[in-house]
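First the structure, in the form of structure tokens, and then the observations on it.
Please treat every number below as a calculation from the coordinates, not as lab data. Treat the numbers as computed from the prediction; the structure is a model and nothing was measured. A quick note on method: Cβ atoms are made from the backbone with ideal geometry, for glycine too, and the neighbour counts reach across all protein chains shown.
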């Protein structure tokens, strides 16, 4: 299945009400720009091959 | 006391009785009074407290008691450090509504216990989410070497205050590069210790997974004296690792034979300007080997995502209640951070461990790695974009491209200032070592300083004061 282009508006519209965040019209462009940058960062992170047993960095020590 | 006086020199004179701590602090307060409006370094001056501390030091000397290794040394702290009786603004407008801090940050207490005297709080980028040193509420901190240029951030005031000789020592914080970037742009020595080395208790956080604290100075001896005084376990910081103190200042001159030093290649080999500075250091240290930090670009990306998400979680309620009171650029990054899919952040934390394991393997073959601290020298204040690898990108997000992968895995780094012949502005180089080997970073920095490869002068125009 081909990936659709990253849709920052859809992410903003879905998450802002859930998080009770008000996105003023004049804030939207800045948020979109940052989400697009983040999506590129996430793509870079996804390129690193990780084994199923890879542990995250923070390990809770009781 | 002159603007160029260092911490070690001041402490020696005060300890011997040749110089009164009160005279030192009065001279520092006078310089702050005359120059701060131009520099934007201080947001709060704690004159009364400093004078009382000076009198206490002078009384100890008069009574024959040990006044401490930093006796009579003025210092200041980034305004995210708690200072009893002062509101910890963390570069923000919103936090100014908080009550004054009820106690000092642990590291402030540590320096004062060593005889140093706190003279104030320093300007910073809002909530430390910044590499420029510009603050929309307090105005920018200005680079003392070129007042129309950035200090770098977010510890911009901490760098400006030391580079202008207002104080010989300052305390900053570094989540993704906020000590190393301003040290690079302002031509200072800066130490970002190993993650978990120094207590962060009673400072305003940013990204708990990545936050570090550390000092700035104009000499490696001063940096090491401060670092030694700052060490020590503190139960109030859950992220601190319990380790014995490992003093460094007395051992700086010990030769380090056989140290294997390499230059970071690949991702870090970027801009020619930065490389010229790295090569000057590499030549002085006879470092011919090149190593690759595998997946450095992905590591930087992972640090970027963790920062966005943890920063957003910290500020979520403020984003709901007072979005218009943020610096708009900080607000938009944090709002975006609140919306990131959790899987991105979880994967980033796994990449963090994987990257750590790959890089630690390199330290089987080398003892220190050299990399640029910034991709360029100080941009102009207000400059929004700059060419990064031929692409025009935002300055605010990208000045830390070379620092971010290193702090991501918590390695200790000394940022050392390098000036090429005939150049008016410096660019810093990171001297990176394995976890807990701050001693290697500092000894190499000291060697470079002694050889004349690195220097951190008080900026022209402030030095004769």
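Given that compact globular proteins tend to follow 2.2 N^0.38 Å, what is the ratio of the alpha-carbon Rg of chain B to that value?
Working: Rg = 20.4 Å, N = 465, 2.2 N^0.38 = 22.7 Å.
With N residues counted in chain B, Rg over 2.2 N^0.38 Å equals 0.90.
For peptide A:51-62, the mean count of partner chain Cβ atoms within 10 Å of a residue's Cβ comes to 4. Placing pseudo-labels 7 Å out from each Cα toward the beta carbon at residue B:420 and residue A:19 gives an inter-label distance of 4.2 nm. Note that the protein assembly as shown shows a convex hull volume over its alpha carbon atoms of 149 Å³ per residue.
Look at the alpha carbon pairs under 8 Å that are at least 6 residues apart: their mean separation over the length of the range B:1-140 gives a relative contact order of 27 percent. Equivalent ellipsoid of the range B:280-418: semi-axes from √(5λ) of the C-alpha gyration tensor, largest first, are 31, 21, 12 Å. The ranking of B:83, B:94 by Cβ neighbour count inside 10 Å, starting from the fewest, reads B:94, B:83.
Multiplying the residue separation of residue B:34 and residue B:242 by 0.36 nm and subtracting their alpha-carbon distance yields 70.6 nm.
Counting neighbouring Cβ atoms within 10 Å and putting the fewest first, the residues B:288, B:46, B:374, B:307 line up as B:288, B:46, B:307, B:374. Across all C-alpha atoms in the range B:89-138, the radius of gyration and Dmax reach 13.0, 35 Å. Stokes-Einstein diffusion for the range B:221-277 at 4 °C, viscosity 1.567 mPa s, with a Kirkwood radius from C-alpha pairs, works out to 85 µm²/s.
When only Cα pairs below 8 angstrom with a gap of at least 6 residues are kept, chain B shows a relative contact order of 18 percent. Our helix-only sum for the protein assembly as shown, with -39,500 (n - 2.57) per DSSP H run of n ≥ 4 divided by its residues, gives a mean residue ellipticity at 222 nm of -12500 deg cm²/dmol. As a proxy for reagent exposure, B:235, B:346, B:310 were ordered by neighbouring Cβ count within 10 angstrom, fewest first; the result is B:235, B:346, B:310.
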